[in-house]
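Working notes, structure below.
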Amino acid sequence: MSNVLLPMDTCRQLLRALKTRYQAASKAEKTRILEEFILISGTIVNQQSGY
């Protein structure tokens, strides 16, 4: 996995593209969408936040 982060504008575009898909997804699908986002963006998600 690359340590290169996406530019913020690109990251926001990606989030907008995933938003509708995420909102309609089951819990298992949401997990896959988040994993996909992490792989693409290089972002680390805080799993202890409760969200």
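The values are calculated or read from the model by the stated rules, or taken from the named source; none is laboratory data. Predicted model only: the values in this text are computed from it and were never measured. Reconstructed Cβ throughout: ideal geometry from the backbone, glycine too, with neighbour counts over all protein chains shown. Heads up: the accessible areas ignore ligands, DNA and RNA and are worked out on the full protein's heavy atoms, side chains in. Shrake-Rupley method; radii C 1.70, N 1.55, O 1.52, S 1.80 Å.
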- [ ] Name every residue in segment 13-30 that is open to solvent by 70 Å² or more (accessible area, probe 1.4 Å) and assigned to a helix (DSSP H, G or I), in order of residue number.
- [x] GLN13, LEU15, ARG16, ALA17, LYS19, THR20, ARG21, TYR22, GLN23, LYS27, GLU29
- [ ] Could you check THR10 against (1) modelled with pLDDT of 85 or more; (2) more than 13 Å from the chain's Cα centre (by Cα); (3) open to solvent by less than 70 Å² (accessible area, probe 1.4 Å); (4) not hydrophobic (A, V, I, L, M, F, W, C) and say which number it fails?
- [x] (2)
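Quick check, is GLN48 open to solvent by 100 Å² or more (accessible area, probe 1.4 Å) and modelled with pLDDT under 90?
Considered against the rule, which asks whether it is open to solvent by 100 Å² or more (accessible area, probe 1.4 Å) and modelled with pLDDT under 90, GLN48 comes out as yes.
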Open item on the list: Report every pair of residues separated by at least 6 positions or lying on different chains whose Cβ atoms are under 6 Å apart, first residue within segment 10-24 and closer than 18 Å to GLU35 by Cβ and touching a residue at least 12 places away in the same chain (Cβ under 8 Å), second of a type in the set (S, T, N, Q) and surrounded by 12 or more Cβ atoms within 10 Å (Cβ to Cβ).
Closed with: CYS11/SER41
